[in-house]
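The values are calculated or read from the model by the stated rules, or taken from the named source; none is laboratory data. The structure displayed is predicted, hence computed values, not measured ones. Methodologically, a virtual Cβ is constructed for each residue, glycine included, from the backbone with ideal geometry; neighbour enumeration extends over all protein chains shown. Side chains are part of the model used for accessible areas, which takes the heavy atoms of the whole protein and leaves out ligands, DNA and RNA. Shrake-Rupley method; radii C 1.70, N 1.55, O 1.52, S 1.80 Å.
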Amino acid sequence: MATKSDNNRAWLFVIPVIVLVAFNAVVPLMTVVNYSVQETFGDNVFFWHGLGWFEDVLRSERAHAALARQLMFTFTILIIEIPLGVVIALTMPRKGVWVSVCLVLMALPLLIPWNVVGAMWNIFALPDIGLLGRLINSMGIDYNFTQQPLAAWFTMILMDVWHWTSLVALLAYAGLISIPDAYYQAAKIDGAKGWAVFRYIQLPKMKRVLTIAVLLRFMDSFMIYTEPSVLTGGGPGNSTTLLSIDLVKIALGQFDLGPAAAMSLIYFLITLLFSWIFYTVMTKDEGQ
Amino acid sequence: MAGWMAWTWPTAGFFIFVFCAIATMGFLEWRHPGGAPRRGVLGIDTTRGDRLFLSLLGSAFILLAWLGIFSTPIYGGVVLAVLWGTFVFMKV
């Protein structure tokens, strides 16, 4: 090469990111892999255990049940939050003073720390002193989320929908307002009505932001810990013990690092697989 | 220094293998830029990096399934995983 036309200095600017990712992702992940094939009794002394922990987790009824609960939770909130977020975004004003009001109101739940959300909903839903709990019971429905699994699930899903639908709505709204007026004008000339405009203009234009919304909500809800942990603590019984709650019980409650590491890796692989599937399906036929 | 990471030779070997695979992808990209994109039997667009990712992810699930169904030793699972990787690099 006689003349060098490319400036390769940009690679230097990537170094901080590589160092950051190495220390907050790669090194901990490697350590988890190392733990997953060993047994420890503390004091940093480890014994080789082979693939035994993986086998235990794969055959454990408890892990299967936690995974099933986790999948049910994640898909329930996705089915509710994504369409609801899109509908809210469609009804939000595009111009005028109400835009800021709406945006601020929508952003409020996102600003509340997760443990506060859990604590708020815990008190809000208590059957004897909470507003929601008292209201439901006064309507003649027997509702007590500390004792009834179904009520606990209902409260947990309602809490997540309240906390995170605005994220989906804000993302969808950002996609909507980026559609140029020309598209709507063309639709009007063609005589397209409400549903056709949504199906052929708004939805395709929102596809990219909705991909991000689905991925974010999937990953966040799949690893959710704080909110259900504060709200129900995994109970009543084990009825709301999601994967992450079970994992913390094993790793910190029982200090079984090996099984917890093996379970984390399986958990990680499932997240990776679903994220890949979502991403591939939603960006299919778009080219590179 | 890395004592707290509790290294063992099998896990170190695994990571060396993964890093070598990624380095090979980097080398191939340097010699033949563009990532060799194509649309394979699954009907999705993949580059050679995507194919490596799919091979590794698929192999992980094949080995977990083998472990869950047949227990150790996992030689059969390894054979299946290699076959899967070959299939992905040839056809997907």
Check your understanding: How do A:102, B:20 stack up against each other in accessible area, from largest to smallest, with a 1.4 angstrom probe?
Key -> B:20, A:102
Revision key, fill the gap. Taking a ≥ b ≥ c as the square roots of the Cα gyration tensor eigenvalues, with a/c under 1.5 meaning rounded and otherwise prolate when a/b beats b/c or oblate if not, the range A:1-148 comes out oblate
Review point. What list of ³J(HN,Hα) values in whole Hz, one per residue of the range A:194-201 in order, does the Karplus curve 6.51 cos²θ - 1.76 cosθ + 1.60 (θ = phi - 60°) give from phi, with Gly and Pro shown as x?
Key: x, 5, 5, 4, 5, 5, 9, 10
Study note, to complete from the structure: Rounded to the nearest 10 Å², the 1.4 Å probe accessible area of residue B:84 is 70 Å²
Practice item. Roll a 1.4 Å probe over the protein heavy atoms and report the accessible area of residue A:71 in Å², nearest 10. Key: 50 Å²
Practice item. Pull out the extension gain between residue A:104 and residue A:18, defined as 0.36 nm times the separation in residues minus the alpha carbon to alpha carbon distance; nm, one decimal. Key: 27.4 nm
**Study point:** Qualifying lysines (Cα of each under 28 Å from Cα of residue B:91; at least 8 residues distant if same chain)
**Key:** A:284
Check your understanding: Given a 1.4 Å probe and no ligands, DNA or RNA in the count, how much accessible surface is buried by A and B, both sides, to the nearest 100 Å²?
Key -> 2500 Å²
Review point. Under DSSP H, which helices of chain A have Cα atoms covering 30 Å or more of the helix axis and a Kyte-Doolittle average no less than -0.5?
Key: A:61-91, A:149-177, A:257-282
Check your understanding: Distances over 16 Å make up what percent of all Cα-Cα pairs in the range A:94-185?
Key -> 64 percent
Practice item. At 7 Å along the Cα-to-beta-carbon direction for both residue A:255 and residue A:9, put a label point, then send me their distance in nm to one decimal. Key: 5.4 nm
Point to revise | the protein assembly as shown - charge dipole about Cα centre, Lys and Arg +1 at Cβ, Asp and Glu -1, debye rounded to 20 | key: 1360 debye
Practice item. On each of the three principal axes of the Cα atoms of the range B:10-91, give max minus min coordinate, whole Å, ordered largest first. Key: 42, 32, 13
Practice item. Mind running the shape call on the range A:233-288? Use the C-alpha gyration tensor, a ≥ b ≥ c as the square roots of the eigenvalues: rounded below 1.5 for a/c, prolate if a/b tops b/c, oblate otherwise. Key: oblate
Review point. Roughly how many nanometres apart are two label points built 7 Å out from the Cα toward the Cβ at residue A:162 and residue B:4?
Key: 3.9 nm
Study note, to complete from the structure: Cα extents of the range A:11-50 along the principal axes, largest first, in whole Å, come to 42, 20, 10
Check your understanding: For the range B:6-57, what ratio Rg/Rh do Cα atoms give with a Kirkwood hydrodynamic radius?
Key -> 1.10
Point to revise | residue A:38 long-range amide H proximity, modeled H, under 5 Å | key: A:49
Review point. Can you put A:203, A:12 in order of accessible area, largest first, using a 1.4 Å probe?
Key: A:12, A:203
Practice item. With springs only between Cα atoms under 10 Å apart, run a GNM on chain A and tell me which of A:181, A:128, A:142 wobbles the most. Key: A:181
Study note, to complete from the structure: Distance in nm between residue A:272 and residue A:150 label points, each 7 Å along Cα→Cβ, equals 4.0 nm
Review point. For helix B:9-31, what angle does its Cα long axis make with the longest principal axis of chain B, in degrees from 0 to 90 and rounded to 10?
Key: 10 degrees
Exercise for review: Subtracting the Cα-Cα distance from 0.36 nm times the residue separation, let me have the gained length for residue A:226 to residue A:281 in nm, one decimal.
Suggested key: 16.8 nm
Study note, to complete from the structure: Expressed as a percent, the accessible surface of the range A:11-50 that is carbon or sulfur, using a 1.4 Å probe and the full set of protein chains, is 79 percent
Check your understanding: Based on the Cβ-Cβ distance of residue B:71 and residue A:48, what FRET efficiency does E = 1/(1 + (r/R0)^6) give at R0 = 22 Å, to the nearest 0.05?
Key -> 0.80
Review point. Size of the dipole of chain B about the Cα centre, Lys and Arg at +1 and Asp and Glu at -1 on the beta carbon, nothing else charged, in debye to 20?
Key: 240 debye
Practice item. Can you tell me the alpha carbon radius of gyration of chain A divided by the globular rule-of-thumb value 2.2 N^0.38 Å? Key: 1.25
Practice item. With springs connecting C-alpha atoms under 10 Å apart, model chain A as a Gaussian network and identify which of A:11, A:48, A:164 has the largest mean-square fluctuation. Key: A:11
Exercise for review: Find how many whole Å separate the alpha carbon centroid of the range A:185-202 from the alpha carbon centroid of the range B:16-59.
Suggested key: 41 Å
Review point. Of A:225, A:200, A:35, which has the most accessible area with a 1.4 Å probe, and how do the rest follow in descending order?
Key: A:200, A:225, A:35
Review point. Given the Cα atoms of the range A:154-274, and with Rh set as the inverse mean 1/r over their pairs in the Kirkwood sense, what is Rg to Rh to two decimals?
Key: 1.18
Point to revise | Sparsely packed trypsin sites (Lys or Arg not before Pro) within the range A:1-101, loop by DSSP, other Cβ within 10 Å at most 13 | key: A:4, A:9, A:94, A:95
